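Q: To start, I am sharing the structure in question, which I have written as structure tokens.
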Amino acid sequence: MFDEYSCFDVKFDGGVATVTMSRGDQLNTMVPEFWDELPALIGEIDAAGEVRVVVLASTGRHFSAGMDLAVFSGAGFKPDAPQSVIRSNMRANVLHLQETFSALEKARLPVLAAIQGGCIGGAVDMVTACDLRYATEDAFFCIQEINIGMTADVGTLQRLPGLIPEGICRELAYTGRRMPADEAKSVGLVNEVFADHQALLEGVHTVAQTIASKPPVAIQGTKVSLNYARDHSTADALEHIATWQAGMFQPSDMAEAFAAKAEDRDPEFDDLLPFRGGVGDGV
């Protein structure tokens, strides 16, 4: 079922799914198909319940050159339509594009980005919606939208200020300059920098396997709580985690963690249940 996607390849290793953008010879530009395939793919992986971490990787010289020009020309615009209709359609189209990357944020499992070469325009929107980011020494980040006369509108300006100092964010957004990997690490945009693409993939996979060894419900709760705390006051976030624990605390996972430590073995935790939506699903 995962061979139906034209922009991605998927491989599974234990509880880790590596989702790889497969159009490296075309700089992994985000063609119209990309915007539908990514949320569908992430949703399919998330719904199955067997995968505990997603690694979002790429092929070729650059991670992604961002949005393909075909997206701008294929939004269903009719020049002779009333301006209000055109603007309404534009707004709906932007909201649709935003949901593509919000799917990464909304997934029950963490998403780790492995970035080589250029991470440009829409690719910055995408990786800021991931949980963790790692890069090669030759990687760079560019808010390209300002260089082509537009305001970034798919998540960068909303998520990046929460990841790096606001002054740095504004400079990148206003100037469109390239931020190299070493600077990205120094300001907290990426967690680690690796010598080359192979070392990057191996290093990120190691982190992913470590996360996959933890209790999935606890990892889900941690992701949900961190995202909620980012968007709400401390008081609201504390109230939220108290309610979460009242309903989602897993005594069996804690018991297994203690037992495994006492017996000097790796703990074994249940996967999340499959979820496909609908009444009665997941029980």
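Since every read-out is calculated from the coordinates, none of them should be taken as a lab result. All values derive from a computational prediction rather than experimental measurement. Here Cβ is always computed from backbone atoms with ideal geometry, including for glycine, and neighbour counts include all displayed protein chains.
Q: On full extension of the chain, what length is gained from THR234 through ALA246, given 0.36 nm per residue of separation minus the C-alpha to C-alpha distance?
A: Result: 2.5 nm gained on full extension.
Q: Continuing with the same structure: Taking amide hydrogens as modeled 1.01 Å from N in the peptide plane, which residues meet the under 5 Å criterion relative to SER58, leaving out close sequence neighbours?
A: Sorted by chain and number, the residues that satisfy this are MET21.
Q: Let me ask another. Averaged over all directions, how much area does the convex hull of the C-alpha atoms of the chain cover when projected, in nm²?
A: Details: hull surface 71.0 nm².
Average projection, Cα convex hull of the chain: 17.7 nm².
Q: Along the Cα→Cβ direction, 7 angstrom out, place labels at SER186 and LEU226. What is the inter-label distance in nm?
A: Between SER186 and LEU226, the simple spin-label model gives 2.5 nm.
Q: Take the chain, connect every pair of alpha-carbon atoms lying under 10 Å apart with a spring to form a Gaussian network, then pick out the residue of PRO216, PRO165, PRO180 with the largest mean-square fluctuation.
A: Per the Cα network of the chain with a 10 Å cutoff, PRO165 tops the list.
Q: Right, something else. If you project the alpha carbons of segment 181-248 onto the principal axes, what extent comes out on each, in Å, largest first?
A: 44, 28, 10
Q: May I ask which residue of PHE258, ILE241, LEU272 lies farthest towards the positive end of the charge dipole of segment 215-283, with charges of +1 (Lys, Arg) and -1 (Asp, Glu) on Cβ and the Cα centre as origin?
A: ILE241
Q: Past 28 Å, Cα to Cα: identify those pairs from LYS106/LYS261; LYS223/LYS261; LYS11/LYS214, in the order given.
A: LYS106/LYS261
Q: Given +1 on the Cβ of Lys and Arg, -1 on the Cβ of Asp and Glu, and no further charges, what dipole in debye does the chain carry about its Cα centre, rounded to the nearest 20?
A: In debye, rounded to 20, the chain gives about 800.
Q: Take the Cα of THR151, step 7 Å along the line toward its Cβ, and report every residue of segment 94-114 whose backbone nitrogen sits under 20 Å from that point.
A: Residues 94-102 qualify, since their backbone N sits under 20 Å from the label point.
Q: Testing the spin-label approximation: label points 7 Å from Cα along Cα→Cβ at VAL85 and ASP264. State their distance in nm.
A: 7.6
Q: List the chymotrypsin sites (Phe, Trp or Tyr not before Pro) in segment 209-254 that DSSP assigns to loop (not H, G, I, E or B) and whose Cβ has at most 11 other Cβ atoms within 10 Å. Which are they?
A: Counting only loop positions with at most 11 other Cβ atoms within 10 Å, none of the chymotrypsin sites (Phe, Trp or Tyr not before Pro) in segment 209-254 qualifies.
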